[in-house]
Structure formats: structure tokens, C-alpha cells
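Structure, as C-alpha cells:
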Amino acid sequence: MNRLLVRGTALASMLVLAACSTTSPDVVSRNEAQRLSTVVDAVVLGSRPVVVEGQQSGIGAAAGGIAGGVAGSSVGGSREAVVVGVIGAVVGGVIGNAVERSTTREDAVEILLQLKNGDRRSVVQAKATETFNPGDPVILVTTGGRVRVTKAPAVTAPTPAPTPANAPARY
């Protein structure tokens, strides 16, 4: 029975971790790799910290229910094992759901932006290495309907082409 408990707990842990995902602008999904993205210039009007609520896919509740049911069914005789197994499954499901929700929660930032045409937009993304201050030039990178904000790269002036007056002589 202890082996079942260990296996159930391991399964629950794997399922909860598999449900984790991120909205970080520093992490690009496999679907976004090698795809052409649209880039739009903008300026930061302001930003504020927010929290992206965790997922409740049901995987955590199911895994917790299985682990709780297996653990509870190993208590006492056959009659008690059924009752404690059912209670363990319910309690495990509630705990598994809470664990899934808390482990998939993310600290994020809401960035208020103004586009060059005057339109305003708001983007929520996970906190990353960059900080955004009012007046910062940024770019909005859109790939497959997902948008991320990153600081605009420094633009250097192109070197002018030689004019015919100062072009090297040809022989």
C-alpha cells in the first residue's frame, strides 16, 4: 500500500508541474519560433504590478483526489478504509486544486502604452528582466495573436552612401 501512496503522490506532483506555464516575455513558445512577427513602436505611459491568477484545469484536483483516496484507503479495516478513502479523495482533490492554482500564479506587470498614432493599449505580461518607466520607447511584438512588450533597440543612423563628387576615381 505504501508503494501505491508513493506512486500516487509522484503522479500528482508530475501532473501539477505539467500544468505550469508562463507568460514571461523572456520565454518564447515553440509555436512562436521561426514565425514572422509584427512589430509596432510605442511609448510607455506607466506600469503597475499585477498578479496573473493561477490555472484550475482540474489536473491538480484529480491528482490530489487519487493520492488522497489511495492514502485514505490504507487506513483501518475494509469498512473504515472505504470511508476514509472517500474522505481522503475529497480532501486530496481540494488540496490538489489549491496547489495547482498557487503554483501556476505569476507576478506580472501591466504596461500602459501609447502608439505613434495616438491609440492607447494595455499589455499584461509576467515580470521579466526589463523594467518599464514612463517615456521609455518600446516595441510590441505580436506573433500568432500573442503580444509581448520589450524595450526598443537603439537605432543608429545609417552611413551615407558616397556622392559622385567625393566618390573614388575609377580607372
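Please treat every number below as a calculation from the coordinates, not as lab data. Just so we're clear, the structure is a prediction, and the values are computed from it rather than from any experiment.
For D136, the residues 5 or more places off, or on other chains, whose built amide H falls under 5 Å of its own are V44.
Provide the gained length on full extension for the span K151 to R48, in nm with one decimal, where the gain is 0.36 nm per separating residue minus the Cα-Cα distance.
Extra length available between K151 and R48 comes to 35.4 nm.
Couplings for region 140-155, taken from phi via the Karplus curve 6.51 cos²θ - 1.76 cosθ + 1.60 with θ = phi - 60°, read 9, 9, 10, 9, x, x, 9, 10, 10, 10, 9, 4, 6, x, 5, 9 Hz in order; Gly and Pro are left as x. One chain, two ends: V39 and A126. Fully extended at 0.36 nm per residue, the span grows by 29.4 nm beyond their Cα-Cα distance.
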